[in-house]
Amino acid sequence: MNLTAIEQKFVTHIRTLHLKSKSTRKEQTIEYVSISMKIIKDCYFQNEYENVFNHIKQLNEIDFQKVTTSSGAFYYKFKALKDGPIDFNLLKGQSRKLDNLERIVKSHLRWVSMQQGVESTIYFQHFLNQKEKHLDAFFLVDTFSGRIHTPITSLQGSIRKHLLLKNETVTSLDVAQMQPLLLSLLLKENIGSNEFTEWIEQGEDIYLKFKEKLNLESRDEAKSKFYQITFGTANQKLADMFGNSNWVEWINEVKSYVFHQNPNSTKKPHSNLAWLLQSTEVNIMRSIWQKLIANDILFFTVHDAVYVRDSDLDEAYKIMCDELSFYFKTFNINIERISSVFSSIEDKLKYITPTKMYYPYELFEKFNINNEELDYLFENNYLEETFPECYRLK
């Protein structure tokens, strides 16, 4: 017995989700993928769907698991067992309807390409091959906060550096500590004077401030604590850490009531703050996108960052500064201009002896290579690390 047309389409959907799962920054093997019950019922099988799953399984096309949650709800996970067709158009229904600004941002993706000789993910290669005909399948605006998700969003940073826009190298303009900035803005608007906003407006590194205030061992640990406070459940222990500060009390209060604008608020009220932060971020970034478009500047976006052609850097930076100044008293934009980094080290590479091992200080002192350049060389496979801590050209 063969698969019916709708069963074939369902298996293709599973297979496509498998491929998309390989788009993450960390290349990982994902055995099973999920399809919501709403999509299963609306697009595939309204009744007796588990019988259909068993039928497809008997044909050795898929495997599936039924997962029951602690609340008694259930969902299904699937694994495609054979190679076959891929169709990203089957996934495009997971995006909300686009407005005019989002359609323009989406159209800019047609100009994206990759520098020659750079390896990327299988999923990203599918995007590059199919973007002319099936661009909608690779552009999603989530229904939670309106964030944009594309194959570039989940691409590893070391690969993203090698993207081109209209065949020109790009520069990233990234708002430093965007989530703390947004939180400081929300706090100022809702409770007025508070120490968190004061730290931000004084130009403090908020993670180092947390490290100091909470007596933590590292900045990374402090950063994790910040995200625990902002995205975790309401917790009195968090208030105790800061002496019941008014800003932590406000955070816990926000996480404790139903906020109807947040689609997840009824079941997960602690997600209210995440919704407020991400929605505010989207609104601010939209104002930047509009100004870039008005000035004929091509770009693509990764949440709180925009990537523009090197030739548009100065104008784009000014626009971004002007827009951010409406919202924040102090802020910092990280600029990563890949082409200029490479040109500055190209000549230095000529004097480094292949296969010879160098301690980092030798690279710094003998060849005037800085930390940024060393990271670039290592991330892009020009150097390999040996033991003890040395580097050599590959």
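Rule-based calculations on the coordinates, nothing more; no lab input. This is a predicted model, so every value here is computed, not measured. Methodologically, a virtual Cβ is constructed for each residue, glycine included, from the backbone with ideal geometry; neighbour enumeration extends over all protein chains shown.
If R0 equals 22 Å, the separation of the Cβ atoms of residue 372 and residue 318 corresponds to a calculated FRET efficiency of about 0.40. Using 19 Å as the cut-off for backbone N distance, which residues of segment 126-141 belong to the label zone defined by a point 7 Å from the Cα of residue 103 along Cα→Cβ? Those under the cut-off are 132-141. With K and R counted +1 and D and E -1, the other residues having a Cβ less than 11 Å from that of residue 66 yield a net charge of 0.
For residue 266 and residue 389, a Förster radius of 56 Å and the Cβ-Cβ distance give a FRET efficiency of 0.60, rounded to the nearest 0.05.
Counted as membrane-span-like here are DSSP H helices of the chain whose alpha-carbon atoms extend 15 Å or more along the helix's own axis and whose Kyte-Doolittle mean is 0.5 or above; these are 178-191. Alpha carbon centre of segment 33-74 versus segment 281-332: separation in Å? About 43 Å separates the Cα centre of segment 33-74 from the one of segment 281-332.
Per-residue ellipticity at 222 nm from helix content only, as computed over the chain with -39500 (n - 2.57) for each DSSP H run of at least four residues, stands at -13500 deg cm²/dmol. Holding the Cα-Cα limit at 32 Å, pick out from 41/223; 66/223; 161/348 the pairs that are longer than that. The answer is 41/223; 66/223. Using only side-chain charges placed at the Cβ, +1 for Lys and Arg and -1 for Asp and Glu, the dipole size of segment 1-86 relative to its Cα centre rounds to 360 debye. Take the Cα of residue 361, step 7 Å toward its Cβ, do the same at residue 111, and the gap between the two points is 4.8 nm. Maximal additional length on extending the residue 63-residue 241 stretch stands at 59.3 nm, based on 0.36 nm per residue less the C-alpha distance. For the chain, relative contact order (Cα pairs under 8 Å, six or more residues apart, normalised by length) works out to 15 percent.
Rounded to the nearest 20, the Cβ-based charge dipole of the chain about its Cα centre (Lys and Arg +1, Asp and Glu -1) stands at 1340 debye. Counting only lysines at least 8 places from residue 22 when in the same chain, those with an alpha carbon closer than 18 Å to its own are 77, 79, 82, 92, 131.
Compute the distance in nm between two label points, each set 7 Å from the Cα along the Cα-to-Cβ direction, one at residue 128 and one at residue 311. Spacing of the two 7 Å Cα→Cβ label points: 2.2 nm.
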